[in-house]
Amino acid sequence: MAVKIYKRNNAGRRNMSIVKPDNLTDAKPLKSLSKVFKRSKGRANGTITVRHRGGGNKRKYRLIDFKMDKFGIPGKIISIEKDPNRSALIALVCYSDGEKRYILATKGMKKDQEIIVDEKVAIENGNRLKLKNMPVGTVISNIEMKPGKGAQMIRSAGSSATVQAIEGGMAHLKMSSSEIRMVLAECYATVGQVSNFEHSSYRIGKAGRKRHMGFRPKVRGSAMNPVDHPHGGGEGRQPIGLKYPKTPWGKPTLGVKTRKKKKASNRMIIKRRQKKRRK
């Protein structure tokens, strides 16, 4: 894995860089596992629900197998590919019965590597098994929250969790955010960290590249008129003049908690994630 930094030939390239994974294979997406991806572009019934979305290059959606329910059937990695719809790399697996599926690739996964999914298998990178059969200290990803529902946690590039304890039919997992939560020990998880750890290291570099990704320009609230934004108005550059930043509709933003206080899964959290102190 390497971050390629472009030469400073012009203003757009001055701060541009890309991530070049070492294990990436030169393969086109499998037609049978990809479909047309019609994006909503931030609209519902013609009304804008998310601002600053629209345009962007066309892309096809890869059908990812998050359940990985081919139990006891060994599979072979035949390609490692980039997916424009997610930050992690994906791997095309060909199982011994001839079926092919896309899965999320783990760190260090290579072409021709063999993996297997079962209740109890060897603790090797890419293998998938139940949490109750994992030793303490195992680094895992693609974790189920309910048995048989498929991976819901730890799916973004470079993320991982660590098994801290197994007791009372529950597994205690330390998440990448430092949160410690309980998950049923009957749930499945994949051994290893999610691939493409350096995804957050690259720089977009220019506005046009951001437009290709489907993002439209944003205007600062302080640059607007008072009728358009709570931060607007004033002669020249002014501070916002408020105790805390607000959205265009007057709601608190930047640091306000959005998680529901009575969320059902709150009882599974042993220790909350630590807040980062601003300097």
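The values are calculated or read from the model by the stated rules, or taken from the named source; none is laboratory data. Remember, predicted model here, so these are calculated numbers, not experimental data. Cβ: placed from backbone, ideal geometry, glycine included. Neighbour counts: every protein chain shown.
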Q) Would you say Val93 is under 12 Å from Val191 (Cα atoms), surrounded by 15 or more Cβ atoms within 10 Å (Cβ to Cβ) and not polar (S, T, N, Q)? A) no
Note on the stretch 34-50: residues in contact (Cβ under 8 Å) with a residue 24 or more places away in the chain and either under 30 Å from Trp249 (Cβ atoms) or in a loop (DSSP other than H, G, I, E, B) (or both) are Phe37, Arg39, Lys41
Inside the stretch 28-73, the number of residues satisfying the requirement of being under 25 Å from Asp97 (Cβ atoms), surrounded by 11 or more Cβ atoms within 10 Å (Cβ to Cβ) and of a type in the set (Gly, Ala, Ser) is 1
Per the list (1) part of a loop (DSSP other than H, G, I, E, B); (2) touching a strand residue (DSSP E or B) at 6+ places or on another chain (Cβ under 6 Å); (3) touching a residue at least 60 places away in the same chain (Cβ under 8 Å), residue check on Arg181 breaks on (1)
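Would you confirm, using the coordinates I've provided, whether Lys120 is outside any strand (DSSP E or B) and closer than 23 Å to Cys187 by Cα?
When the stated conditions are applied, Lys120 passes them.
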Review point. Of the residues that make up the stretch 254-274, is at least one in contact with a Gly (Cβ under 9 Å, 6 or more places away or on another chain) and either in the same structural domain as Asn10 (by TED's automatic domain parsing) or farther than 30 Å from Asp69 by Cβ (or both)?
Key: no
Picked from the stretch 140-158 (must be assigned to a loop (DSSP other than H, G, I, E, B) and either assigned by TED's automatic domain parsing to the domain that holds Lys271 or out of contact with any Phe, Trp or Tyr (no Cβ under 9 Å at 6 or more places or on another chain) (or both)), the residue surrounded by the fewest Cβ atoms within 10 Å (Cβ to Cβ) is Lys146
Only one of (1) of a type outside the set (S, T, N, Q); (2) out of contact with any strand residue (DSSP E or B) (no Cβ under 8 Å at 6 or more places or on another chain); (3) surrounded by 18 or more Cβ atoms within 10 Å (Cβ to Cβ) does not apply to Gly98, and that is (3)
Of those in the stretch 198-254 that are of a type in the set (A, V, I, L, M, F, W, C) and touching a helix residue (DSSP H, G or I) at 6+ places or on another chain (Cβ under 7 Å), the residue farthest from Lys82 (Cα to Cα) is Ile240
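May I ask you to verify whether Ser176 is outside the structural domain of Asn85 (by TED's automatic domain parsing), surrounded by fewer than 18 Cβ atoms within 10 Å (Cβ to Cβ) and at pLDDT below 95? Let's see the steps before the verdict.
Details: outside the structural domain of Asn85 (by TED's automatic domain parsing): yes; surrounded by fewer than 18 Cβ atoms within 10 Å (Cβ to Cβ): yes; at pLDDT below 95: yes.
Spelling it out, Ser176 is indeed outside the structural domain of Asn85 (by TED's automatic domain parsing), surrounded by fewer than 18 Cβ atoms within 10 Å (Cβ to Cβ) and at pLDDT below 95.
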Scanning the stretch 1-33 for residues that are assigned to a strand (DSSP E or B) and closer than 17 Å to Ala88 by Cα, the one modelled with the lowest pLDDT turns out to be Ala2
Note on the stretch 108-139: residues surrounded by 14 or more Cβ atoms within 10 Å (Cβ to Cβ), β-branched (Val, Ile, Thr) and not assigned by TED's automatic domain parsing to the domain that holds Ser96 are Thr138, Val139
